């Protein structure tokens, strides 16, 4: 059986391997680009493992997908984004642990490690605050500030106008600025 854009979703839900081959061919570039962007500086092996995890997740969770081919592209893009963020967080924790071990006997390095830990904690705090926004606004923030996408590209991806994207970013930043605990941590 060969898959086409018309039947690949049904075939994927039925766990037919040609459907997996089709989505790897069709969406492999997108998944790789998202993973590479988030994991830049983490090495090709981390990117490759993330891409593999994305397709494994899509294969295992195919029955949860509802929608058409356009929705599928957004769905696989979001899976790639969140998998890459998870891998990034794991790698950062590992790096910080390694740095702590290296700096255990050196006081000058200890302040550097403490600074890195503080910066990482602030970044995680910011990610946590962003996750309190609506799903669409969260996606917009992730695309804008973690994937460095333009407002126009985000608008095209989400089917909104560029003005709507800019307005949502403005309102989201205002909402995040009202978070006193976050504001104090980032100052």
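The values are calculated or read from the model by the stated rules, or taken from the named source; none is laboratory data. Values in this document were obtained by computation on a predicted structure and should not be read as measured data. Cβ coordinates were reconstructed from backbone atoms using ideal geometry, including for glycine residues, and neighbour counts include every protein chain displayed.
Descriptive notes on the structure:
- Scanning region 130-142 for residues being in contact with a helix residue (DSSP H, G or I) (Cβ under 8 Å, 6 or more places away or on another chain), assigned to a helix (DSSP H, G or I) and free of Cβ contacts under 8 Å to residues at least 60 places away in the same chain gives a total of 6.
- In region 69-90, the count of residues that are farther than 28 Å from residue 15 by Cβ, exposed (fewer than 11 other Cβ atoms within 10 Å of the Cβ) and at pLDDT below 90 is zero.
- In region 117-129, the residues that are not assigned by TED's automatic domain parsing to the domain that holds residue 91 reach residues that are part of a helix (DSSP H, G or I) and at pLDDT 75 or above with C-beta atoms within less than 7 angstrom, at least six apart or across chains, in these pairs: 117/96; 120/92; 120/96; 129/176.
- Within region 24-58, the set of residues being touching a residue at least 12 places away in the same chain (Cβ under 8 Å) and farther than 12 Å from residue 80 by Cβ comprises 24, 26, 42, 46, 49.
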